[in-house]
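Please read the structure below before turning to the comments.
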Amino acid sequence: SIITNGSLLTNEWLNENGKFLDIIGVSCDSSIESIQKLLGRGNGSAVEKVKRAFSLIQKYNLHAGNPIFTKLNSVITSYNSKEDMSDFVLSLGVNRWKIFQVLPVEGENDEDIENLAISMNEFKEFINKHISLRRYGIDVVGEDNDNMTNSYLMINPEGQFYQNASGKYIKSES
């Protein structure tokens with residue numbers, strides 16, 4: 001399983017590595033390019049890159065002996081909590097949509113969290129607005145802050161394992 005923003009995904013890469021994957025998750029927090037940019041997610045073409053990535057995976061899956069399960073990951077903040085992403089998510093053809101409540105992480109988003117944070121009610125409203133996507137076969141899964149803390153082990157480009165433990169990242173040596 002990998003999580004990516006999809007910007008470097010190519011046919012060649014999928015043909016070479018797809019057979020080793022069960023799941024590809026692509027991160028995209030908004031279907032609106034200006035919001036993606038506001039969130040620091042690209043320079044104005046992030047949404048198109050996500051669409052392209054899922055299109056490449058769909059084409060790969062048509063001929064793959066072992067199709068790759070597709071997942072969209074979105075972090076919901078004050079900037080995108082009112083957005084209706086239904087049409088966008090449907091257009092991607094994903095199997096699962098993992099929706100995360102923005103998580104305060106000490107030393108990572110201290111300066112921005114006050115502007116980004118949403119309440120549990122706002123998060124639930126966003127989930128409820130999109131839960132009807134399940135009738136199209138999309139597994140819509142929401143994870144609030146309590147569910148995310150101590151639940152993921154990640155690896156960064158420096159080769160360090162890290163995990164959110166009680167509101168801050170704990171990192172291993174490289």
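The values are calculated or read from the model by the stated rules, or taken from the named source; none is laboratory data. Small disclaimer: the values here were computed from a predicted structure and weren't measured. Cβ coordinates were reconstructed from backbone atoms using ideal geometry, including for glycine residues, and neighbour counts include every protein chain displayed. What goes into the accessible areas is simple: the full protein's heavy atoms, side chains included, and nothing from ligands, DNA or RNA. Shrake-Rupley method; radii C 1.70, N 1.55, O 1.52, S 1.80 Å.
Identify, by number, the condition in (1) part of a helix (DSSP H, G or I); (2) more than 13 Å from the chain's Cα centre (by Cα); (3) surrounded by 15 or more Cβ atoms within 10 Å (Cβ to Cβ) that Glu16 doesn't meet. Every listed condition holds for Glu16 apart from (3).
The condition of being closer than 26 Å to Ile155 by Cα, surrounded by 15 or more Cβ atoms within 10 Å (Cβ to Cβ) and in contact with a strand residue (DSSP E or B) (Cβ under 8 Å, 6 or more places away or on another chain) does not hold for Leu92. Filtering the stretch 63-86 to residues that are assigned to a helix (DSSP H, G or I) and at pLDDT 95 or above leaves only Ser86. The C-beta contact set for the stretch 129-144 (first residue of a type in the set (A, V, I, L, M, F, W, C), second residue open to solvent by 40 Å² or more (accessible area, probe 1.4 Å) and part of a helix (DSSP H, G or I), distance under 7 angstrom, 6+ apart or interchain) comprises Leu133/Leu90; Val140/Ile131; Val140/Arg134. Residues in the stretch 47-74 that are closer than 23 Å to Val102 by Cα and open to solvent by less than 40 Å² (accessible area, probe 1.4 Å): Val47, Val50, Thr70, Lys71, Leu72, Asn73, Ser74. Could we say that Asp29 is open to solvent by 80 Å² or more (accessible area, probe 1.4 Å) and either in a loop (DSSP other than H, G, I, E, B) or among the small types (Gly, Ala, Ser) (or both) here? In short, no. Checked against the criterion of being farther than 22 Å from Ser119 by Cα and under 16 Å from the mean Cα position of the chain (by Cα), the candidates Ile76, Ile3 yield just one match: Ile3.
This table checks each residue for (1) closer than 30 Å to Ile68 by Cα; (2) at pLDDT below 95.
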| position | (1), (2) |
| --- | --- |
| Ser91 | yes, no |
| Asn95 | yes, no |
| Phe100 | yes, yes |
| Met120 | no, yes |
| Ile131 | yes, no |
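If you go through the stretch 32-46 and keep only what is open to solvent by less than 30 Å² (accessible area, probe 1.4 Å) and without any contact (Cβ under 8 Å) to a residue 40 or more places away in the chain, you end up with just Gln36. Counting only residues that are assigned to a loop (DSSP other than H, G, I, E, B) and open to solvent by less than 60 Å² (accessible area, probe 1.4 Å), the stretch 96-105 holds 3 of them.
In the stretch 109-121, the residues that are surrounded by 11 or more Cβ atoms within 10 Å (Cβ to Cβ) reach residues that are acidic (Asp, Glu) and modelled with pLDDT under 80 with C-beta atoms within less than 8 angstrom, at least six apart or across chains, in these pairs: Met120/Asp144.
Against the conditions (1) of a type outside the set (Gly, Ala, Ser); (2) in contact (Cβ under 8 Å) with a residue 12 or more places away in the chain; (3) closer than 21 Å to Leu9 by Cα, His63 satisfies every one except (2).
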